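The values are calculated or read from the model by the stated rules, or taken from the named source; none is laboratory data. Please read these numbers as outputs of a predicted model, since none were measured by experiment. No Cβ is skipped: glycine too gets one built from the backbone with ideal geometry, and neighbour counts run over all protein chains shown.
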Amino acid sequence: MATKKNATRTAEIFRILDATYPNAECALHHSNAWELLVATILSAQCTDKRVNEVTPGLFAKYPTIRDFAAARQEVLAADIRSTGFFNNKAKSVIGAAKKILNDFGGEMPKTLEELVTVPGAARKTANVVLGTAFGIASGIVVDTHVQRIANRLGLTKNQDPVKIEQDLMKIVPRDHWILFSHQLIHFGRGICVARKPKCVECPLNSLCKSPDKTA
């Protein structure tokens with residue numbers, strides 16, 4: 001009985017998210033899969049807003065993967081300084097460009113197994129690129145918003161992103177894997193904000209049993 005009740009509740013959560021965010025998309029601006037990979041690498045410990053301020057000039061200066069591969073690390077680091085952790089990010093981006101040129105003929109790999117071999121593209125980043133750029137549901141992106149909200153809604157009891165993803169993949173229909181993460185990210189930015197969730201405005205209020213609800 002409890003399992004059936006939980007399944008009904010979970011289905012209602014998905015229904016409300018679909019109604020509230022039917023066309024949720026990745027917030028990182030990009031025109032191709034390579035640009036999305038770069039933007040996602042830069043987004044670590046940085047807001048998407050800041051990344052979107054940096055990337056137009058960056059992609060104008062380095063219009064191709066070859067341009068990034070030929071960049072000097074200290075110069076690229078200076079170009080992306082405002083995103084934080086700029087030395088490591090510059091190293092990852094240049095390494096990614098060289099890897100894609102040398103091992104994949106300059107074409108973005110389209111499998112999770114291949115993409116995670118690219119510097120800077122761990123599982124979360126690979127899922128972002130595959131899902132958003134290619135429509136390939138390789139998994140569910142678990143960023144800080146997804147991690148926090150999945151726990152608040154009782155969709156997982158885990159804190160480790162890999163375990164959270166495994167839990168979500170069991171209950172979220174595969175054809176919703178890509179959209180679901182975008183929905184939770186938008187929900188986390190606009191309503192279920194970390195510091196002060198707007199519970200009174202929340203369309204999921206009646207389904208949420210989080211102990212720190214504000215109403």
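Of the residues in region 164-184, none is under 19 Å from the mean Cα position of the chain (by Cα) and more than 18 Å from F14 (Cα to Cα). V129 - would you say it is out of contact with any Pro (no Cβ under 8 Å at 6 or more places or on another chain), without any contact (Cβ under 8 Å) to a residue 12 or more places away in the chain and closer than 18 Å to A44 by Cα? The answer is no for V129. The sole residue among A96, A121, A137 that is assigned to a helix (DSSP H, G or I) and buried (at least 16 other Cβ atoms within 10 Å of the Cβ) is A96.
Listed here are the residues, each with its yes/no results for (1) surrounded by fewer than 18 Cβ atoms within 10 Å (Cβ to Cβ); (2) in a helix (DSSP H, G or I); (3) of a type in the set (F, W, Y); (4) in contact with a Lys or Arg (Cβ under 7 Å, 6 or more places away or on another chain).
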{"position": "V51", "(1), (2), (3), (4)": "no, yes, no, no"}
{"position": "F59", "(1), (2), (3), (4)": "no, yes, yes, no"}
{"position": "R66", "(1), (2), (3), (4)": "yes, yes, no, no"}
{"position": "P109", "(1), (2), (3), (4)": "no, no, no, no"}
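From the residues in region 110-140 that are aliphatic (A, V, I, L, M) and out of contact with any Leu (no Cβ under 9 Å at 6 or more places or on another chain), which one is modelled with the lowest pLDDT? Among those that are aliphatic (A, V, I, L, M) and out of contact with any Leu (no Cβ under 9 Å at 6 or more places or on another chain), it is A122.
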